[in-house]
1. Could you give me the radius of gyration and the Dmax of segment 226-342, taking only the C-alpha atoms into account and expressing both in angstrom?
2. Work out how much length THR326 to HIS21 would gain on full extension: take 0.36 nm times their residue separation and subtract the Cα-Cα distance, in nm to one decimal.
3. Quick one: work out Rg over Rh on the C-alpha atoms of the chain, Rh as Kirkwood radius.
4. Expressed in whole Å with the largest first, what are the equivalent ellipsoid semi-axes of segment 214-272 derived from the C-alpha gyration tensor as the square root of 5 times each eigenvalue?
5. Send over the Kirkwood Rh of segment 29-77, from the inverse of the averaged 1/r over different Cα pairs, rounded to one decimal Å.
6. Rounded if a/c is under 1.5, else prolate if a/b beats b/c, else oblate: with a ≥ b ≥ c from the C-alpha gyration tensor eigenvalues square-rooted, which is segment 252-317?
7. At 1.4 Å probe size, with no ligands or nucleic acids counted, give the accessible surface of ARG295 in Å², nearest ten.
8. Which percent of the Cα-Cα distances in segment 32-133 go past 20 Å?
Amino acid sequence: MIGANMIARLGGMATLVLIGHAYSEADLGTYFQLLAMVGLAVTATQAGSGPLLVRMAQNAAFGQAMHVVTTRFLIAGFASILIVTTTSVPLAKYWPLILIPFAAALSPDWMIAAKTRFSRLGMIAVIGQACGIVVAVWASLSHSDLALYLIAPAVSLANLALATAFAFEQSSTKAPMAPKGSVFGLVGFTLLAGFVPNLDFVLLGTDNDPLFLAQRVFLFCAGLIAAIASTLFAKNEVGQIRDIWLLAPMALISGLLLFLPGNLANLFYASPSDDLFTILQIGAAWPVLMAFIARQILILQEISAAKWLGWGCLALMIITAFVMPTSELAPDIMKLIEFRLACLVLILLACQKVATRRQVVA
C-alpha cells in the first residue's frame, strides 16, 4: 500500500507541475489557500473518526459506525457553510471544492482498511490521482478557473466511487477494540494529526501566496506520512520498523529541500519567486518534524492515560496561533511554523514518558 501511495503522491506532484506552469502565482495562491481551508474542513468532517471506524468495522459494530458517518456528514455541512461565509472569493468560482468534505464524510474507505485490503486502498489512491491528472491537463491547456477548481473534487469523487465499490467485498480481519477510556484519546489524536499540516498555514499565513505555494510541496510529505501511519496503525506495527518507515523517507525529502530548493521550485512552478526558494529551504525540517509527530501519535493514541493529550495539544496550537505575534514576511512565518511543530514534538515526547510510566505503575 505504501508503494501505491507513493505512486499516488507522485501523481499529485505531476498535477502540481501541470498547473504550476499554467497559472500565475496569484491565481495559485488563492487556489491553494482555499484548498488549505477545505483541508481543515475535511479534518473536522472526519472528526478524528478514521481509526475508530476501523476498529468498529473490525468488531462488526456497524450500527455505531453509521451513527459516526451521519455525524461526519452533518459536520461537513457546517464546515462548508463556514467556508462560504468567511471567504471573500465568490462561491461561483470555487463551488466544486465544497464537494470534497461531503465525499470525505461518506467514503467507506475505513471498511477497506479494517479488512487490511491495502492493495485496494492503493488502487483507489492511484486511480483517483489519475483522474486528477486528466482534469489538470484540461486546466493547463484551457487556463480555465473551473477546470482548476475541479481537480481536487475529481480526485475526491473518484475515491468515493471506488471505495464504495470495494468496501463490500468479502473479507474480514478481527482486531481488539480500543478500551473505552482510550477511544476519546484516539479521536483527539486523529484530529490533531489531521489539523496540524494545514492549521498554522491558514491561521498565520493569510493571503501570503509564496507560503501557500510552498505548502503544496510540504503537503506531499504530509499525505505520504498519513498513508504510512494509517498502514502501521491497521497492522499494529511497532518498534524500529515503524520508525524507519516514518522517518527515513522524510529525512530524504528534507535533504532535497535543504540543498536543492531552487530545483524543486522550478520543477513545480513556471516563475517561482526568491521568497519561495527561501521558504522551501527554511522549511526543510518540516517533513521530519511531521514524521516525529506522527510517530508520537501512533504511540500515544491508544493509551488511556494520554486520552486528553491530543485534545489539549490541538487546543494549544489553535489558541497560541491567535495570541502570539506573527510577521507578514513569509520566511519568518515559516520559521514560526517550524518552531511550533518542534515545541509540539517535545511536548509529545515528554508526555509519552509520563504516560508510559503511569501505564507501567497501573
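The values are calculated or read from the model by the stated rules, or taken from the named source; none is laboratory data. Owing to the predicted nature of the structure, the values given are computational and were not obtained by experimental measurement. Because the Cβ atoms are built from the backbone with ideal geometry, glycine has one as well, and the counts that use them run over all protein chains shown. Note: areas computed on protein heavy atoms with side chains; ligands, DNA, RNA excluded. Shrake-Rupley method; radii C 1.70, N 1.55, O 1.52, S 1.80 Å.
1. Rg, Dmax (Cα atoms, Å): 16.7, 50.
2. Length difference between fully extended and current span is 106.7 nm.
3. Taking Rg over the Kirkwood Rh, I get 0.94.
4. Taking √(5λ) for each eigenvalue gives 28, 13, 5 Å, largest first.
5. It is 11.8 Å.
6. prolate
7. 50 Å²
8. For segment 32-133, the fraction of Cα-Cα distances above 20 Å is 46 percent.
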